[in-house]
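Q: First the structure, which I've put down as structure tokens, then a few questions once you've had a look.
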Amino acid sequence: MTTAWPSVCDREILIVDDEADFVASLVELLADEGYSVRTAANGREALEQLDSGPPPCLVILDLRMPVMSGNEVYAAMQKRPDLASIPVLVSSSSDASKAPAGALYMRKPINPDRMLDVIRQFC
Amino acid sequence: MTEKGRTSESGKSKSMTTRVSAGTGDFFRAGLSGLSGAVWGVWTAGFVSLAWLVREFLYPFLGAATPFGLIFLPAILGASWCFGRNAGLLATALSTAAGAIFLYHAEGWTARTVIVLDLFLLISLASAFALASIRRSRDEALKREEMASRFAAVVDSSEDAIIVKDLDGRIREWNRSAERLFGYNRQEVIGQSIEILMPGGRMDDWKKILGRLIGGERVEHFETQRRTRDGRILDVSLTVSPVRDRDGRIVGAAKIVRDVTADLEARREADRTRELFLGTLGHELRNPLNAIAVSVHTLKRRTPEATQPILARILGSTDRMSRMIDQLLDFTRSRLGGGIPLQPTPGDFASICRAAADEIEVLYPGRIRFSAEGDLSGRWDADRLHQVLANLLSNAFLYGAKGEPVGLTARGDGASVRVDVTNRGPAIAEDALSMIFDPFRRGPTATGRSGQGLGLFIAHEIVLAHRGEISVRSDPVEGTTFSVKVPR
């Protein structure tokens, strides 16, 4: 059973990626910018995170992950009215064609300045 | 062809072939075929001589009543049947002469003698012509039958399915491989519509193919799908030829059907393996680089001014490594047969040129002379063409004359757009020009510079993927110009 949280947490970002070093470096970068960050190492953990607190202002999503892929997470989010409106920034080493339509896309290795510009539009 | 083929199952074909070589007169035909006129003339004279001997043998018993016509006519008929019309004429001439001698000796020249000889001549000529004509027709019919039998045997033993249909799409021929491939017996399928083989959505396939044939087009290795009796969908390759009547009118189509389901599945599997390999390779190579880039970026914000150049160097190397990984992956994909994947969108080539120029001008400020003329709109993968132009511009500065400007000219030209990148400086050697788009080739002045010699190879592959052309010309006076031409 999902909980309908009252409002979007406007400075919190969920990073979903199985690459621990990248996640750690991104947490540092975003923390310096004043964001609070939650992390998930695969798609299933991401959906659990989304169910366990107020919706983040943005989800940064990898595509190739164990257990549950980024595309599956995105599809599951679109089926849930409470999650469908959360902006998703796909950050992947795969081509843009592999990213789900409707999500923002940024190819790895990312340009941190460009990523921060995108994040500022939503958070 | 189809009528003959229809009556000749493999067993029948063999018996027909045997019959052809066992007919009466074929002994002579077989033994004497190819003989010159002189030789069949001797044989014909021999026939007539034999008749003469028979007449000489009977004369003592029958006297003047010996029927010379009945004796010589078989010789004429035999010569006509065995050696043709000319032999028949020769036998007629010889027999008539012999008859004239016999009659003269028996009766002298009388009106009856002349009438008998005239009658004999007429009957002999008519018989010779008729028999030679019958023989020729029979020979031709047997030859056609033999050809048809051989053809039917070839069709039947073919490993590929062969189907003949008429202009209404009715099946007229169906070989054993077609039976095996589609699961329908010959008896049940002849006369049926070819549409029984068409999967849903492809019902009009055969009409389109027939239309192309009637329009004079060849249809070879046409890849499509067909449905078997048990509902399976096969990937097939068709080669279709027109079937014409004696007047040259197209009356149907013969098609060779090859099942390429396994080939296509193998190709798809190879594609999947290639994409999996490249995806994994890209993922594994880019991820650590990603962590380095983001960490250094954070570090740059936190550390004092003195360490900034060191961090900038790490970031620069990271960028270069990232570009090299992209190039190696593009190269590997091309060499594995995947080509460069494109994501074309409508756009303006001038903006692609400006973006590439802006990127390179960061390093060479104010040195690109850009001009554009004509309609530059089209549908391309802007990121990939940006990559091509950035590579050409970067090379122009690296290998061109120091301090000289580089020209970037875009021109809309009918159905295509052409872009020239020109630099002054030493000409590229003739032998280097011929393999400049080969992988791992680097110019002689590039010693000590970074890169793998893949830039122009990938530029070439990107332009090819757009169905365009890339070329280069170089001389000491005009400088070096790389030209890219891509259809809109």
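The values are calculated or read from the model by the stated rules, or taken from the named source; none is laboratory data. Keep in mind that this is a model prediction, so the values were computed, not measured. Here the Cβ positions follow ideal geometry from the backbone for every residue, glycine too, while neighbour counts run over all protein chains shown. Protein only, heavy atoms only, side chains kept; ligands, DNA and RNA dropped before computing areas. Shrake-Rupley method; radii C 1.70, N 1.55, O 1.52, S 1.80 Å.
Q: Averaged across orientations, what area in nm² does the convex hull of the alpha carbons in chain B project?
A: 42.0
Q: For chain A, which whole percent of the accessible surface, found with a 1.4 angstrom probe, sits on carbon and sulfur atoms?
A: Carbon with sulfur: 51 percent of the solvent-accessible area.
Q: What's the total accessible area buried between chains A and B, using a 1.4 Å probe, rounded to the nearest 100 Å²? Intermediate values should be presented prior to the final figure.
A: Values: alone 6480 and 27300 Å², together 31840 Å².
Approximately 1900 Å², summed over both chains.
Q: Another question, then. Over segment B:351-424, with the other protein chains present, what is the accessible area per residue in square angstrom, probe 1.4 angstrom? Write out the running numbers ahead of the final one.
A: Working: 3440 Å² over 74 residues.
I get 46 Å² per residue for segment B:351-424.
Q: Over chain B, what is the relative contact order in percent, taking alpha-carbon pairs closer than 8 angstrom and at least six residues apart?
A: 8
Q: Follow-up question, since we're still on this one. GluC sites (Glu not before Pro) within segment B:152-184: which are DSSP loop residues with at most 13 other Cβ atoms inside 10 Å?
A: Those that pass, being in a loop and sparsely packed, are B:159.
Q: Let me ask something else about it. Rounded to the nearest percent, how much of the accessible area of segment B:166-313 (1.4 Å probe, protein heavy atoms only) is carbon and sulfur?
A: Roughly 52 percent of what the probe reaches on segment B:166-313 is carbon or sulfur.
Q: While we're looking at this one, here's another question. Pick out, in residue order, every one of the trypsin sites (Lys or Arg not before Pro) in segment B:175-218 that is DSSP loop and has at most 14 other C-beta atoms within 10 Å; say none if there are none. Write down the numbers at each step before the final one.
A: On the way: sites: B:176, B:180, B:186, B:202, B:207, B:208, B:212, B:218; in loops: B:202, B:218.
Filter output for segment B:175-218: B:218.
Q: Contour minus end-to-end for residue B:228 and residue B:58, with contour as 0.36 nm per residue of separation and end-to-end as the Cα-Cα distance?
A: Between residue B:228 and residue B:58, full extension yields 53.6 nm more.
Q: Now a separate question. How far is it, in nm, from the label point at residue B:375 to the one at residue B:324 when both lie 7 Å from their Cα along the line to the Cβ?
A: If labels sit at residue B:375 and residue B:324, their model points lie 4.5 nm apart.
Q: Right, here's the next one. Relative to the compact-globule scaling 2.2 N^0.38 Å, provide the ratio for the alpha-carbon radius of gyration of segment B:265-335. Write out the running numbers ahead of the final one.
A: Values: Rg = 16.9 Å, N = 71, 2.2 N^0.38 = 11.1 Å.
So the Cα radius of gyration is 1.52 times the expected 2.2 N^0.38 Å.
Q: Anything losing 30 Å² or more of accessible area from the isolated chain to the full protein assembly: pick those residues out of segment B:290-304, probe 1.4 Å, ligands and DNA/RNA ignored.
A: B:290, B:291, B:294, B:297, B:298, B:301, B:302
Q: Normalised by the number of residues in segment B:308-423, what is the relative contact order in percent for Cα pairs under 8 Å and 6+ residues apart?
A: Taking the mean separation of contacting Cα pairs over the length of segment B:308-423, I get 25 percent.
Q: Mind checking the per residue accessible area of segment B:158-259 for me, 1.4 Å probe, whole number of Å²? If you can, show how the numbers build up before the last one.
A: Values: 5330 Å² over 102 residues.
Accessible area per residue: 52 Å².
Q: With a sphere of radius 12 Å drawn around the Cβ of residue B:479, what net charge do the other residues whose Cβ falls strictly inside it have (Lys, Arg +1; Asp, Glu -1)?
A: With Lys, Arg at +1 and Asp, Glu at -1, the net is -2.
Q: Could I ask something else about it? With no solvent and one equal point scatterer placed on each C-alpha of segment B:345-487, evaluate the Debye formula and give log10 I(q)/I(0) for q = 0.14, 0.17 Å⁻¹, two decimals.
A: The Cα Debye sum returns log10 ratios of -0.61, -0.92.
Q: Probe of 1.4 angstrom, ligands and nucleic acids ignored: what's the accessible area per residue over chain A, in square angstrom? Present the calculation step by step, with values, prior to reporting the outcome.
A: Details: 5550 Å² over 123 residues.
Spelled out: the 1.4 Å probe surface of chain A, per residue, equals 45 Å².
Q: Could you give the length gained by full extension between residue B:119 and residue B:154, i.e. 0.36 nm per residue of separation minus their alpha carbon distance, to one decimal place?
A: Once the chain is fully extended between residue B:119 and residue B:154, it gains 7.4 nm.
Q: Next question, about the same structure. Between residue B:168 and residue B:274, what is the label-point separation in nm under the 7 Å Cα-to-beta-carbon projection?
A: Roughly 4.7 nm, to one decimal.
Q: Let me ask something else. Of the options B:127, B:346, A:109, report the single residue whose Cα projects farthest towards the positive end of the charge dipole of the protein assembly as shown (beta-carbon charges: Lys, Arg +1; Asp, Glu -1).
A: Going by the charge dipole, the pick is B:127.
Q: Sticking to Cα atoms, compute the Rg of chain A to one decimal and its Dmax as the biggest Cα-Cα distance, whole number, in Å.
A: 13.1, 38
Q: Please work out the ratio of the alpha-carbon Rg of the protein assembly as shown to 2.2 N^0.38 Å and round it to two decimals.
A: On the way: Rg = 43.8 Å, N = 611, 2.2 N^0.38 = 25.2 Å.
Its radius of gyration relative to the 2.2 N^0.38 Å reference: 1.74.
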